[in-house]
Amino acid sequence: MKLLIKHNVITAFGDSAGHITWDVHPRVCILGGALLDCFKWNTFASRKNRVRERAEQIYKISERVSSFFWDADGRPDFEEREGQQDMAFEILDALKKDQHILVEAGVGIGKSYAYLVPLLLYNHYTGKPAVIATSTIALQEQLLNDAAALQELLETQCKVTLAKGQTNYLCRRRADEYLARPDAEMADALRELIGKGCQDRADFPGDLPSGVWDRLCILRYGHSCWNCHHPCAYRRMREDIRFTDGIVICNQDFLTAHLQKLFRGQDGLINKTVEVVVIDEAHNLEGKVRSATTERISQSGLLKMIKEAQNDVMPTEQPYIQKDLDTAQRAVRAFFPMPAAADAASDRGFGTGYEIRGTVLLPCRFRGPPAAVGHGGGAGQPFGEHPGLLIL
């Protein structure tokens, strides 16, 4: 995967010239000796064809991007922005040369259109999926609208999917449980909206108390959800983005969770053939990744686990484990510091008196040829292969 970073825009390019990034998508080929020479020849010929096809695609994309930004006579509502044009052409150059690039773009450049136009045309001509990750839902929804407007101008029909975190979607099972309570707030209004098929948080009133939505939204999406008979917008979205050949607009937390799954050797959340990733508002990326890789161990959480384990034991057998339960509970309470020591631990960033936090450091490796790093479109220095931590 290759990164293109522009102030608060990062684009990651996979090696589409036929190179395989083994640590992202490992594959093992077992071939008989008699087939090996034929395989090598076919691979070489196939690679030449892919390189030629890639060059033709980039040429078509370049022509369309140039026409869009330079021939704007028929679009009186658009104003020409030199920085926006420069950014779009730098993205094209990075695609063509298969490079990372870091560029800082100031306010008012029009960054969204600068990367959306090449990205939509890239998907249109190559048929390969792409990802845009932001740090706010507001920008996700804005990009969805911008992409729809641009597709009319570009005459493309790329599928664009908005992927929010699970807490932004309604869980019908939890909603039914909540609405069955006699003290449920706004029960009639909620039943009416749910009956109309509303499942996104944006479909519900803005003044809906957060405490109420916390009782309605999805908390844990897993195997138990697959047997749910209710229609689920979140499940449909998850299924779509795993196999889509379009563009996925998600948040940085969602992308981080996807990459964590790949790191663990699991299936990711997004189509694994994605080669282009745009991370907008990249100045927030470090905090998002750090938060996602921070493990929290709390006193209340451990005590809850002990209680749940006790409940799994048959009542007739519980007297035999009571001594062990008491020992475990005392150990948990003794492990966490007392209030005075807790304040000092909190000041050092290790959590509160009843919680300990620790960040799991994941190795990050940049693969491929050197790339340019610049600011505001200027020339930069080489940025080659660096194993280690990515710090923005």
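Below, the figures for the structure above:
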read-out: Amide hydrogen neighbours beyond the local backbone of Ile132, cut-off 5 Å, H modeled; value: Val248, Ile249, Cys250, Val278
read-out: Those trypsin sites (Lys or Arg not before Pro) in the stretch 180-216 that DSSP places in a loop and that have at most 16 other beta carbons within 10 Å; value: Lys196
read-out: Qualifying GluC sites (Glu not before Pro) in the stretch 107-182, DSSP loop, other Cβ atoms within 10 Å at most 12; value: Glu155
read-out: For the stretch 118-157: rounded, prolate or oblate by the Cα gyration tensor [a/c cutoff 1.5]; value: oblate
read-out: Packing-based exposure ordering (other Cβ within 10 Å, fewest first) of Met186, Met87; value: Met186, Met87
read-out: Rotationally averaged projected area of the stretch 150-247 (alpha carbon convex hull; nm²); value: 7.9
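Bear in mind that the values in this text are calculations on the coordinates, not laboratory data. This is a predicted model, so every value here is computed, not measured. Note that we place each Cβ from the backbone using ideal geometry, even for glycine, and neighbour counts take in every protein chain shown.
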